[in-house]
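What follows is a single structure, written as structure tokens, with notes after it.
The values are calculated or read from the model by the stated rules, or taken from the named source; none is laboratory data. Quantities reported herein were computed from a predicted structural model and do not represent experimental measurements. Heads up, the Cβs are rebuilt from the backbone with ideal geometry, glycines too, and the neighbour counts pull from every protein chain shown. The area values use the complete protein model at the heavy-atom level, side chains included, leaving out ligands, DNA and RNA. Shrake-Rupley method; radii C 1.70, N 1.55, O 1.52, S 1.80 Å.
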Protein chains: 4
Amino acid sequence: MADLLWPGDARGGDHLTDASFLQAMVAVEAAWLDLLGIGHGPLPDLDPTTVSSEGAGNPVPGLVAILRERLDGDAARWVHRGLTSQDVVDSALMVLLRDAVSAVGRELRTQVGLLADLAEAHRATPMVARTLTQHAVPTSFGLKVAGWLTAVLDADDDLMSLSFPVQLGGAAGTLAAVVELGLDPAAVRDRLADTLGLAPSLPWHTSRAPVTRIGDAAVGCTDAWGRIANDVLTLSRPEIGEVSEGEGGGSSTMPHKRNPALSILVRRAALAAPQLAATLHVAAADSADERAAGAWHAEWATVATLVRRTVVAGSQATDLMGGLRVHADRMAATLDAADVGSEQRSMAELAGHEPRGHFRGASDEIIDAVLDRARRSLKREEDA
Amino acid sequence: MADLLWPGDARGGDHLTDASFLQAMVAVEAAWLDLLGIGHGPLPDLDPTTVSSEGAGNPVPGLVAILRERLDGDAARWVHRGLTSQDVVDSALMVLLRDAVSAVGRELRTQVGLLADLAEAHRATPMVARTLTQHAVPTSFGLKVAGWLTAVLDADDDLMSLSFPVQLGGAAGTLAAVVELGLDPAAVRDRLADTLGLAPSLPWHTSRAPVTRIGDAAVGCTDAWGRIANDVLTLSRPEIGEVSEGEGGGSSTMPHKRNPALSILVRRAALAAPQLAATLHVAAADSADERAAGAWHAEWATVATLVRRTVVAGSQATDLMGGLRVHADRMAATLDAADVGSEQRSMAELAGHEPRGHFRGASDEIIDAVLDRARRSLKREEDA
Amino acid sequence: MADLLWPGDARGGDHLTDASFLQAMVAVEAAWLDLLGIGHGPLPDLDPTTVSSEGAGNPVPGLVAILRERLDGDAARWVHRGLTSQDVVDSALMVLLRDAVSAVGRELRTQVGLLADLAEAHRATPMVARTLTQHAVPTSFGLKVAGWLTAVLDADDDLMSLSFPVQLGGAAGTLAAVVELGLDPAAVRDRLADTLGLAPSLPWHTSRAPVTRIGDAAVGCTDAWGRIANDVLTLSRPEIGEVSEGEGGGSSTMPHKRNPALSILVRRAALAAPQLAATLHVAAADSADERAAGAWHAEWATVATLVRRTVVAGSQATDLMGGLRVHADRMAATLDAADVGSEQRSMAELAGHEPRGHFRGASDEIIDAVLDRARRSLKREEDA
Amino acid sequence: MADLLWPGDARGGDHLTDASFLQAMVAVEAAWLDLLGIGHGPLPDLDPTTVSSEGAGNPVPGLVAILRERLDGDAARWVHRGLTSQDVVDSALMVLLRDAVSAVGRELRTQVGLLADLAEAHRATPMVARTLTQHAVPTSFGLKVAGWLTAVLDADDDLMSLSFPVQLGGAAGTLAAVVELGLDPAAVRDRLADTLGLAPSLPWHTSRAPVTRIGDAAVGCTDAWGRIANDVLTLSRPEIGEVSEGEGGGSSTMPHKRNPALSILVRRAALAAPQLAATLHVAAADSADERAAGAWHAEWATVATLVRRTVVAGSQATDLMGGLRVHADRMAATLDAADVGSEQRSMAELAGHEPRGHFRGASDEIIDAVLDRARRSLKREEDA
């Protein structure tokens, strides 16, 4: 864990650490032994620092060597037979990614609820809309929040469409060893997927869309949260003061200061995530032969870092949304003082009537439509 | 066009040029006038270099000024009323992106056909599988092509799921001007979308998933083609010689040389695309207020370059696949000379039988499954 | 030119266009003919769209074919002999990059002068310092500008350290053709560099630091300007109002609005530049053999776009700095109203004395040191 | 440490871990107490997981709170007084980066020696040059290695030009607290720099070139090594077989296989590094106010990961170069069989003489020039 270099990292718990990666790889090997019908006791609980990974370029040969030493008889003889390193690494990572994405999904659903409530509560809280940093026209805080909610729902849609395929191809994606051992390739693939809770799949050794899609969806989340954090950072500037973070963080030298620490850390994640997803695409584009020499290896830490940070940022974003304080009086005062009637005047003149009492346009209909989408989304996911 | 700095760019035709962008913006303004019921002749055909874009930070105010000069009476008075610059820019870009993505889709479908034929034709053409650059086990060229086809089908799935929403929010996403003008916001939104061939949508001024999804899907395509190009580049090395490009390109100083020019140019696109998509995410994450100050502006040329290059690379990839020459004799010779029986021997020993005649595993079933997916995909898209 | 998709692009003039690239390639061929002692008239002025670039993967074979057609006798027979495509492309690009970087350097020097004057003029203009968006302690606008100036000087240092090497290696970096033709390789290399105004260099076909350094230095510039634009965007928010752009841009629907258009466009460039430089590094890292298959090709448009945009952003940044309006009254009012004495009180208490009259610390010394650095930098560059 | 997700990470030792970051921050606080003339015992050795970092957005307030608890009397009262969090974080990171860059520099110098020897030993070992994957003309392995050496020397030049500035600005870069405490700002800045082994510097809170330059130089290293790894990966393909890694890594299922594991892991690092450096630039461009809200925070883990991986890749690259086996017989056989005389024939014909005995051009002069540069570089660094 790197909580000092990436404050808040501890929120990521065991997601996508070396230790959980090792555990998942052992789980794949255990599932495979079961599938081969080979009896074995509990596989050993290993210390990640004892597994050699560099010599072979990946940790599986080192892990298998230890397992062969520690297991007895048939289990020692049969462990890993029919698999290749990539089957174990890819399947184990997919198990971890599925769990981490699931944690992100839970945050998103909590956020949908929080933002829906906030949009409803403030649908008629007037504030000034700002475009290109300048005062534009009147809007409501509820409509702004409906925009945040839209972004969160978009992110959730992408996340929900992800799938986490098992990898089972053998040495070069032909499943030749599996067939040589007399197994039915389609049947073992489906059973392995089922045991690990992954989606059945043909081998995808060098077709890396399953990985890039996860990366892209993770960045979709940090994009949505980053934009919300930006708004909070702007609106909580003392000169604006229209919202503030629930608590805020202290300063090491200025006792009076309250910093919008959660927004800062969320924005941080949003700045760093896109480049990690780009690395996954560079790796996918560099895939080659029946196993890529370097591109595959670049994926593991990259996707692990990206998705773990997404778990962290998601949790921070939930806290940010849940604790947000809205200062409707400051919003009203700013709007009153702002000269934002010019569009309305020119439209009214054009239409040949006096400007109407308000200029909120379709705000209510838009908020209603977004809230309706939120309800359907939550319902759909409950049903799933 | 930048055909010298980006060879092959001319294949992009009019997709996403300044001129077509201008035309699309004019089409949005025309559709809006129609929707307001304002009669007008054909809107003028303008020279992109006459439209000022820098003063306002975007080209719409400059365009509207020209239109007001060139149009008469009501048309001059009503042009653009109720819209904001972002409505015009975003909707126009979506029109162009829809057309360009559609062109990419056509390439993908052609490629699915070409690769399906190639996989079928070579399902039993033996070759050596290479992992981490080294000879691994036997495989067939058909199975390799089935892997390429899988990547192309994955890219197509992502592309087909894209949607191209109209933008109509007015000054700050409230549609206030539209309401002030006495129009029904939902109705005009739907009619504008319909006229432009875009998807109806609530305003998405600062929720930029529609743009990042297009970027990600475009990179999904270049990833798939890049991986195919990598294989061709390796397999057409003279020492390997298992495939070659149909024609190949000449050298300026070495008369004997035939270079795999299409593969080179496709790989080039695949190396450059991920970072462009990352920029779209950085911009999405930097969105703020009711219109972002810089992040929105960073999108236009970035997504235009990325998607135009995807059109170009798609066309080059189709030519590459269509012209590929397969040298089955060289494949056979390499496989015969290779020492790739070790896995089979150890599996057979483990299973207690002699090694079987071949070691192709589930290759046929995998090829069949991929071909079946290809047929269903083509059928689904024909039906659509 | 893409002035609609990248507003302000026209400021880039002829820098790094297809047309100027073609002209530079012709200049390289002409210089080579001269060096071979082959008489020739003026080489033809060609239309970039007539030069085929895709077939060979680069534009040189197409260009040479045209030149051979258009030139007479010895010139037709000798044109390009001894060179390879990469010699022409790399040298031509270096000529263009040198000119564009030189244009950026001129902007930087103008900016150093503008910012030095601004820092001096406002060294005692009090304002509140903001950290993490919140009011921190008092500072002066002059000290803020000294910070801007430091960033500009840093960028200038990096830019000034660049070198633009000639490329002359022949088919594979051995200069074998040159030697076969009886020429002295070191002598022709130096003479070609001299004629083109480039630095003499050993072949660097696959050692791409000359390109990545230019990219990194360009991003160093947009980083510096982006940070200044950020400050202007924040400080020109109506609630803060401490600075404003000289003119500002208009809105297409809100007659009252003045947008900070230059800051917006500069920030845009700063968001998009880092990923372009990253692509140059991805390409450099993918270099291979004696000429890379795709990585080299990915550089041309990428570095051209990056550096041309740097020219544009530099010119916009100069206008931004030159036109900036400083509202000292608003600065003073904000500072007076802010509660920023807590650090001073705690320090004074700790030191056992009453808080002193002001709390500007070493502002004057820092401003002096930065101004001194600015003067030395301008002097050094005048001397050079 | 993440040795399973990033095989070889253990080579990074204590560089840039959370624990060493904490230790360096404590060292900054201790140096500051010394500078204030406050007596104190050894500062406590803390467990990184006990220091809270998220509440304040950075670890310094949490660290200072612990130090105040653990220290006595004056030390407790004076610890951190006059500093701000950014002074401690930035200075501590610079200490760690200096040490890590120094470790990279040692690898580079070893590599310069290894490659110089290799270039000398093989200056006349003939092999075929490959451009765009195809056979081009004859070259020598020594000349290829001279190209590798050039890239390594370029990387070393950039690394050697780095500087590691102390950060000392107080709350907002004015050094006001320092002055309030009665200290001489220039003097304490220089003394703090001296104690920590950093370069004296004006505050650079929001001018982030010191960080981006380190990132760019690190990527310059991985670019150079990546290109060498690419060549080894290609040349060690069994069909080519002109070089091989000293040992190579095993396979988990194919007993016969030897994989070029070091090259694979070096290439991996080269694929992932550019995007990390881009994030540092995105952060630099997003700097704002007197301390950035998120951009600053995005730097720490990013630069730590990037530079630690550079240490790892540097060590792996040294092993790769030191263990490389050169198969001159295979090189000669490939060259003999290749049809690479066409350029020579056309040049000789043009020059009106018979082709000369060899076609190595200026290879020897180039090798000599690179070796001379290598010697001067090693000498200069010894002297430094």
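Computed values, structure above
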read-out	value
Average partner coverage of A:353-364, which counts Cβ from other chains inside 10 Å	5
Scattering curve values for segment A:1-121, log₁₀ I(q)/I(0), Debye with Cα scatterers, q = 0.14, 0.18 Å⁻¹	-0.69, -0.96
Using a 7 Å Cα-to-Cβ projection, B:P255 label spacings across copies, nm, ascending	5.4, 7.5, 8.9
Modelled FRET efficiency - R0 60 Å, A:T110 with D:E349, Cβ distances, 0.05 increments	0.15
Within chain A: Cβ-based charge dipole about Cα centre, in debye rounded to nearest 20 (Lys, Arg +1; Asp, Glu -1)	640
Test item: A:79-85 mean partner chain Cβ contacts at 10 Å	4
Dimensions in Å of segment A:83-172 - Rg and Dmax from alpha carbons	20.6, 63
Calculated [θ] (222 nm, deg cm²/dmol) that DSSP helices of n ≥ 4 give over chain D, each run adding -39,500 (n - 2.57)	-20500 deg cm²/dmol
Unit charges at the beta carbon, dipole of segment C:164-267: most positive-side option, C:T195, C:L175, C:T253	C:T253
Calculated P(r) tail over 21 Å for segment B:155-289, as whole % of Cα pairs	61
Reference-scaled alpha-carbon Rg (2.2 N^0.38 Å with N residues) for segment C:138-192	2.26
Rounded, prolate or oblate (a/c below 1.5 giving rounded, otherwise prolate when a/b exceeds b/c) for segment D:11-59 by Cα gyration tensor	oblate
Per-residue ³J(HN,Hα) for segment B:235-248, Karplus 6.51 cos²θ - 1.76 cosθ + 1.60, θ = phi - 60°, Hz, x for Gly and Pro	6, 9, 4, x, 5, 9, x, 8, 9, 8, 5, x, 10, x
For segment B:27-83: rounded, prolate or oblate by the Cα gyration tensor [a/c cutoff 1.5]	prolate
In Hz, Karplus ³J(HN,Hα) per residue of segment B:168-175 (6.51, -1.76, 1.60; θ = phi - 60°; x = Gly, Pro)	8, x, x, 3, 9, x, 9, 6
Solvent-accessible surface (1.4 angstrom probe) belonging to D:R68, in square angstrom, nearest 10	80
Ellipsoid equivalent to segment D:86-236 - semi-axes via the Cα gyration tensor, in Å	46, 14, 10
Zero-based 10 Å bins, Cα pair distances in segment B:185-237, whole percents	20, 27, 22, 15, 11, 4, 0
Longest to shortest principal axis, alpha-carbon extents of chain D, angstrom	88, 52, 36
Candidate lysines - alpha carbon under 27 Å from D:K379, same-chain residues fewer than 8 apart omitted	D:K144
Over segment D:249-384, relative contact order from alpha-carbon pairs under 8 Å, at least 6 apart, %	17
Inter-copy separations for B:P200, label at 7 Å along Cα-Cβ, nm, ascending	4.0, 7.1, 7.4
Computed magnitude of the charge dipole of segment B:288-347 (debye, nearest 20; Cβ of K, R +1, Cβ of D, E -1)	180
B from C by rotation - nearest chain C beta carbon to the axis, in Å	C:Q275, 2
Contour excess over end-to-end distance, with Cα ends at B:A10 and B:D372 and 0.36 nm allotted per residue	126.8 nm
Volume per residue of the C-alpha convex hull in segment D:56-101, rounded to whole Å³	85
Relative contact order of chain C, defined on C-alpha pairs under 8 angstrom at six or more residues apart (%)	21
Surface/4 of the Cα convex hull for the protein assembly as shown, nm²	52.9
Degrees between helix D:185-196 axis and first principal axis of chain D (Cα, 0 to 90, nearest 10)	60
Cα pair distances exceeding 21 angstrom across segment C:259-341, given as percent	54
Most fluctuating residue given options B:A351, B:A332, B:A116, as computed from a GNM of chain B linking Cα atoms under 10 Å	B:A351
Inter-copy label distances at A:G241 (7 Å, Cα→Cβ; nm, one decimal)	1.5, 8.1, 8.2
Carbon/sulfur fraction of accessible area - segment B:207-288, other protein chains in place, 1.4 Å, %	53
Anisotropy class of segment A:223-266 from Cα gyration tensor, a/c 1.5 cut	oblate
GNM top mover of D:G113, D:G294, D:G226 - chain D, alpha-carbon springs below 10 Å	D:G294
Residue-wise HN-Hα coupling along segment D:65-76, computed from phi with Karplus coefficients 6.51, -1.76, 1.60 (Hz; x: Gly, Pro)	4, 5, 4, 4, 5, 7, 8, 10, x, 4, 4, 4
Long-range Cα-Cα pairs in segment C:278-384 (distance over 17 Å), rounded percent	78
Dipole magnitude (debye, nearest 20) for segment A:270-384, charges at Cβ of Lys, Arg, Asp, Glu	300
Amide H contacts under 5 Å for A:S140, placed H, 5+ residues apart	A:M127
Lys/Arg +1, Asp/Glu -1 at C-beta; segment A:316-372 dipole; positive extreme among A:V326, A:A362, A:A348	A:V326
With Cα atoms, 0 to 90° folded angle of helix A:141-160 axis to chain A main axis	10
0 to 90° range, to nearest 10: angle between helix B:85-121 axis and chain B longest Cα axis	20
GNM flexibility winner over chain D from D:L36, D:L262, D:L168 (Cα, springs under 10 Å)	D:L36
Residues with amide H under 5 Å from that of C:S201, placed H, sequence gap 5 or more	C:V166
